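The values are calculated or read from the model by the stated rules, or taken from the named source; none is laboratory data. Remember, it's a predicted structure, so these values are computed and weren't measured experimentally. Cβ placement follows ideal geometry from the backbone for every residue including glycine, while neighbour counts extend to all protein chains displayed. For the accessible areas, the whole protein counts, side chains as well, though only heavy atoms, and no ligand, DNA or RNA atoms are used. Shrake-Rupley method; radii C 1.70, N 1.55, O 1.52, S 1.80 Å.
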Amino acid sequence: MNAPIPRRGTKGERTRERILDSAMELFSRSGFHAVSLRDIAAHAGLTHAGLLHHFPGKDELLIQVLTRREDEAAQQALSADSSREPEKVLIRHLDQITRNMHTPGLVGLFVKISGEAADPGHPAHEYFVERYRRLRRRTAWLLAQLFEQADPPVSHDPDAVAQQLLALVDGLQTQWLLDPDQVDMRRAVEVFLTQLGLGVGRD
């Protein structure tokens, strides 16, 4: 087993990261509403007051946890290849699905919190509304490029297919969390894309 990579930054930054780690783990395990700031503080080895020094409320902490997860995924994708060629962008997204299959806690967090956030009163409701709007736009743009470049060109509506693809990925995540040995998320997405007429996937 590889030794953990030591974190850099100031003491305050390292404390914030520890709080975010604890919040992510507890939110993933129990959901947002069942976890208190005192639970997170105890898990992180801090007092309640110590946690409040860094995060004044649980709502803000949740958004920071979700944002950090997305930022890390984006950084991983960009570090591999900064090309905006549609096929390479799609492969990066497939690679992200593969990475997700090694992080069940993070996948569980998004599945659990996104379901809770369907309630308009949930603190992450607007976050997920904007996230899905952004994902639909980006996915539709990518699919439009791929459909046009395909031989022969694909006539599907990229906006409609973008919604279908995002729904597929979300549904696969739930199935995979329940039965990981029987669900290969990346392979299922590759089959869907092949059925659309896009020749992408593993060599």
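Quick one: is Leu61 touching a residue at least 60 places away in the same chain (Cβ under 8 Å) and part of a helix (DSSP H, G or I)? No; evaluated as a whole, the condition is false for this residue. Among the residues of the stretch 145-158, those identified as in a helix (DSSP H, G or I) and surrounded by 14 or more Cβ atoms within 10 Å (Cβ to Cβ) are Gln145, Leu146, Phe147, Pro158. Is it the case, given these coordinates, that Gly57 is loosely packed, with under 12 Cβ neighbours inside 10 Å, at positive phi and either more than 21 Å from the chain's Cα centre (by Cα) or modelled with pLDDT of 90 or more (or both)? Spelling it out, it is not the case that Gly57 is loosely packed, with under 12 Cβ neighbours inside 10 Å, at positive phi and either more than 21 Å from the chain's Cα centre (by Cα) or modelled with pLDDT of 90 or more (or both). Contact map, the stretch 22-33: first residue of a type in the set (Lys, Arg), second residue assigned to a helix (DSSP H, G or I) and open to solvent by 10 Å² or more (accessible area, probe 1.4 Å), Cβ cut-off under 9 Å, separation 6 or more or different chains; pairs are Arg29/Gly105; Arg29/Gly108; Arg29/Lys112. Step by step: first the residues of the stretch 167-203, then only those that are of a type in the set (Lys, Arg) and surrounded by 14 or more Cβ atoms within 10 Å (Cβ to Cβ), then the one that is nearest to the chain's Cα centre (by Cα). Which residue is that? Going through the qualifying residues, I end up with Arg186.
Are any of the residues in the stretch 121-135 under 26 Å from Asp159 (Cβ atoms) and not in a helix (DSSP H, G or I)? Don't jump to the end; show me each part of the working.
Initial filter on the stretch 121-135 (under 26 Å from Asp159 (Cβ atoms)): 124-135.
With the extra rule that they be not in a helix (DSSP H, G or I), the set shrinks to 124.
Taking every residue of the stretch 121-135 in turn, at least one turns out to be under 26 Å from Asp159 (Cβ atoms) and not in a helix (DSSP H, G or I).
Would you check if there is a residue in the stretch 137-144 being among the polar types (S, T, N, Q), open to solvent by 40 Å² or more (accessible area, probe 1.4 Å), over 23 Å from Ser30 (Cα atoms) and outside any loop (DSSP other than H, G, I, E, B)? No, the stretch 137-144 contains no residue that is among the polar types (S, T, N, Q), open to solvent by 40 Å² or more (accessible area, probe 1.4 Å), over 23 Å from Ser30 (Cα atoms) and outside any loop (DSSP other than H, G, I, E, B). Exactly one residue among Ser22, Ser28 is open to solvent by less than 80 Å² (accessible area, probe 1.4 Å), polar (S, T, N, Q) and modelled with pLDDT of 90 or more, and that residue is Ser22. When the stretch 83-117 is limited to residues that are of a type outside the set (D, E, K, R) and not in a helix (DSSP H, G or I), the one that is nearest to Glu190 (Cα to Cα) turns out to be Met101.
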